[in-house]
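Computed from the coordinates by the stated procedures, all read-outs in this text should not be read as laboratory data. Small disclaimer: the values here were computed from a predicted structure and weren't measured. Note that we place each Cβ from the backbone using ideal geometry, even for glycine, and neighbour counts take in every protein chain shown.
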Amino acid sequence: MSKRTRHHLSSSQGVPREAEKDCRREAPTGRRLIRCLPLLPAVVMTIVALFQIHLAHTEQLDPWKGGGFGMFSTTEGGPHRHVHVYLSSVAGEERIDTPDSLEDLEDRVRTLPTTSRMQQFARALSAARSHRLVRIEVWDTNFDPETLTPNVEVIRQLEARARR
Amino acid sequence: MKRRARQVLGAVTAWVRDEGADLALRLTLIDLLFVPVGSWSVRPFVMLLAAGGLLHRAVLRSPATWFLLTGLTGWRVVADWPMADNHAYLLCYWCLAVFLSLLAPCPAASLSQSARSLVTLVFVFALIWKALLSPDYLDGTFFRVLLLSDRRFESLSLSVGGMSTGDLEVARKFLETGLHDPKRSVPNVVEPPSQRRLASTATWGSLAMEALVAFTFLLPGRSTALLRSTALLVFCAITYAVAPVSGFGWILLAMGVAQSPQDAHGLRLLHVVCFALLLLYREIPWLTWCG
């Protein structure tokens with residue numbers, strides 16, 4: 001670490017208000033870029049948060065996730081969102097529990113059910129179980145504002161044929 | 001006795017003064033040890049860096065330490081995408097801010113600027129979600145459902161909301177079971193008036209406190225420092241008494257220390273006291289004693 005940095009980190013070097021003025025004086029005009037660096041984390045944060053809002057509205061991203069600071073704001077997502085998986089074979093269609101090995105992928109599908117992620121989930125299911133068709137449904141719950149009666153609705157679904 | 005107390009206070013104030021900007025860095029590292037982050041590929045290295053920084057000042061002030069912490073916490077967010085919680089993102093931004101400040105001509109001022117902008121954005125985005133984007137926050141539905149269904153808030157519903165254990169079980173069944181059964185038949189939720197009041201207070205209280213923090217942090221000028229810090233301290237002291245996310249509160253307090261004037265020793269000390277308070281909230285089941 002440079003002596004300069006050590007100097008400025010220690011408050012025993014002088015009154016901070018004056019130190020701040022010193023800093024401004026010390027920074028040459030050609031180093032404006034360095035002076036803008038403290039704003040970089042805020043810029044990154046703003047971009048991520050705006051992208052999170054976009055994904056929440058276009059791809060049903062769980063508002064609690066994704067870095068947009070939507071936690072503790074809505075009942076959407078989280079434990080109120082469910083994934084149902086149905087497999088079709090010659091014997092008919094049956095709803096199955098997701099295999100333990102695919103639970104992490106199911107969590108990701110529930111949180112951000114994009115088509116590509118659901119297709120990836122369907123392919124992984126195809127590898128785990130034999131079937132003709134897989135149907136994946138992502139359900140979310142909304143609550144009546146008066147009685148709190150829960151109503152479930154499908155927010156995303158995908159059907160995929162097994163590869164032969 | 002009085003003299004002894006004055007000596008202790010003097011020693012603590014001197015410690016806060018001597019710590020300077022290091023105080024914010026140390027609080028961040030303590031947070032990383034109190035709430036270890038990530039999986040095995042991240043956690044041990046983060047903890048080692050945090051312990052090293054707390055033990056040795058050169059490690060604490062080395063840009064390399066914070067570059068590595070930024071990389072590790074950033075990798076955790078990327079690897080877990082989209083599962084990471086919001087404080088994982090904030091932690092990464094904060095480590096980046098510390099790293100960049102250590103490269104700047106005046107680290108303390110740079111860190112203060114970053115901290116202030118990050119805290120502002122946290123509360124502005126939280127407000128946008130609650131007041132504009134969420135379909136069920138302002139009508140109170142969110143907190144009514146949360147207080148009934150989330151077991152982390154059970155003590156609050158039992159002690160302040162006046163719910164009984166049986167009523168809570170019935171409410172959870174009503175909210176969570178048989179949702180896809182067209183012939184579903186479960187008893188309705190029974191919410192005592194005190195529980196409705198609690199939900200309403202939580203809804204509007206949270207919104208008001210977040211708006212206050214956002215507003216004070218948006219106010220220009222150095223003279224508003226006391227107002228900003230007070231708003232953030234009040235928010236942390238109240239919110240994290242019941243919200244089980246002390247890790248988020250500790251990052252906010254570390255940023256609060258960084259943005260507060262370095263000559264405001266009392267104010268900086270209050271951030272440390274609040275930091276300790278959040279640990280007590282987390283470790284002592286005080287709400288269960290209120291029932």
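Below is a table of values for the structure above.
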| item | result |
| --- | --- |
| Dipole of chain B, positive end: most advanced residue of B:HIS265, B:ALA202, B:ALA64 [Cβ charges, Cα centre] | B:HIS265 |
| Förster radius 41 Å - calculated FRET efficiency between B:ASP139 and A:GLN119, Cβ distance, rounded to 0.05 | 0.65 |
| Per-residue [θ]222 nm for chain B (sum of -39500 (n - 2.57) over DSSP H runs n ≥ 4, rounded to 500) | -23500 deg cm²/dmol |
| In order through the stretch A:49-59: 3J(HN,Hα) via Karplus (6.51 cos²θ - 1.76 cosθ + 1.60), integer Hz, x for Gly, Pro | 5, 5, 5, 4, 4, 4, 5, 5, 8, 9, 10 |
| Taking the stretch B:20-289 and dividing mean pair separation by its residue count, relative contact order in percent (alpha carbons under 8 Å, at least six apart) | 21 |
| Computed FRET value (nearest 0.05) for B:LEU9 with B:ARG43, which takes r as the C-beta separation and R₀ as 35 Å | 0.40 |
| Where Cα atoms sit under 30 Å apart: lysine pairs in the protein assembly as shown separated by 8 or more or lying on different chains | 5 |
| Label point distance in nm, B:LEU132-B:SER194, each placed 7 Å from Cα along Cα→Cβ | 3.9 |
| Simple spin-label estimate for B:ALA79 and A:SER101 in nanometres, 7 Å along Cα-Cβ | 2.1 |
| Average other protein chain Cβ within 10 Å of Cβ, residues B:110-117 | 5 |
| FRET E, pair A:THR58, B:THR165, Förster distance 35 Å, beta-carbon r, rounded to 0.05 | 0.25 |
| Ordering of A:142-153, B:187-198 by packing [mean C-beta count within 10 Å, highest first] | B:187-198, A:142-153 |
| Around B:GLY249: net Lys/Arg minus Asp/Glu count, Cβ-Cβ under 14 Å | -3 |
| All-pairs alpha carbon distance profile, chain B, 10 Å steps from 0, percent | 6, 24, 31, 23, 12, 4, 1, 0 |
| Assigned charges on the beta-carbon of Lys, Arg, Asp, Glu; the protein assembly as shown dipole about Cα centre (debye) | 1920 |
| Estimated distance in nm for a label pair at A:VAL90 and B:LEU280, the labels positioned 7 Å out from Cα along Cα-to-Cβ | 7.2 |
| Listed residues B:PHE99, B:LEU133, B:SER155: farthest to the positive end of the dipole of the stretch B:20-289 (Cβ charges) | B:PHE99 |
| Alpha-carbon centroid distance for the pair the stretch A:72-146 / the stretch B:126-155, whole angstrom | 25 |
| Peptide B:123-131, shielding by other chains (average Cβ, 10 Å cutoff) | 6 |
| Relative compactness, the protein assembly as shown, computed as alpha-carbon Rg over 2.2 N^0.38 Å | 1.10 |
| Burial ordering of A:VAL43, B:VAL145, B:VAL186, B:VAL213, fewest other beta-carbon atoms within 10 Å first | A:VAL43, B:VAL186, B:VAL145, B:VAL213 |
| Shielding by partners, peptide A:140-151 (average Cβ within 10 angstrom, other chains) | 5 |
